[in-house]
Amino acid sequence: MAVSTIDSSGLTSPLSATNLGTPSAINLSNATALARAALPTGSVLQVVQATTTTSTTITSSTYTDTTLTANITPTFSTSKILVLVTQSAKIRRTINSPDGGLRILRGSTVLATTDRTPSLSADVGPESYLYVAITWAMNYLDSPATTSATTYKTQAHIQGNPGGETILLQENSQISTIILLEIAA
C-alpha cells in the first residue's frame with residue numbers, strides 16, 4: 001500500500017512503505033491542511049464576520065443602508081453562502097401601529113425581506129410615545145455562482161406612510177452582526 005502525505009496544497013506524492021501493512025483507520029490529527037476541493041458537500045470552507053455599532057436613523061419608507069455589511073470571495077462558483085444576520089433596532093412611534101422591515105441584499109439583489117414583522121408592531125395612545133426594542137434575526141442560504149468578491153448588506157425601512165415613526169439601529173452602540181459561511185456544494 002502506498003502512503004501519501006498532505007500539505008497545504010493538498011495530497012502530495014506517495015511515500016514508499018512496504019512494511020506498514022494495511023491501516024484500520026487514518027489519523028489526520030497532525031495534518032495542517034486539507035485541500036478544499038477534497039472536502040465533502042456541506043463542509044464550511046470559510047467564515048467571514050462583520051459587526052457595526054454605528055448608530056443609524058431611518059425615517060423613510062424607502063429602504064436605507066444600515067451600515068451592516070460584509071464581503072466574501074467564494075472559493076468555488078458552486079459554493080453556497082449562508083448569511084446570518086442579527087440587527088439591533090429600536091422603533092419610536094407617536095401614533096398607532098409602528099411597522100418596519102429589514103432585508104438582506106447581495107450587491108443590489110434583494111435576497112430576503114421581513115416586512116410588518118409582529119415583533120415590531122404595537123399600538124399606542126394618541127398622546128404617547130412608544131419605544132419597542134427588538135433584534136431582527138434573519139438567515140438566508142444564497143447561491144451566488146461566482147468566485148468574485150461579493151458584498152452582503154442589510155437595509156431597513158418604515159412600512160407604509162411614515163408619521164412620527166423612527167427606526168434607530170445600533171442605538172447607544174448596540175452591536176449588529178452579519179456572518180457569512182461558505183458551504184461546499
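Couple of notes before you dig in:
- Only listed residue being part of a strand (DSSP E or B), closer than 24 Å to Ser55 by Cα, of a type in the set (S, T, N, Q) and modelled with pLDDT of 95 or more, chosen from Thr66, Thr114, Thr135: Thr66
- Boolean, Ser119 is surrounded by fewer than 18 Cβ atoms within 10 Å (Cβ to Cβ), modelled with pLDDT of 90 or more and small (Gly, Ala, Ser): no
- Gln155 modelled with pLDDT of 95 or more and over 17 Å from Val47 (Cα atoms): yes
The values are calculated or read from the model by the stated rules, or taken from the named source; none is laboratory data. Bear in mind that the values here come from a model prediction, so they are computed numbers and not experimental data. Cβ coordinates were reconstructed from backbone atoms using ideal geometry, including for glycine residues, and neighbour counts include every protein chain displayed.
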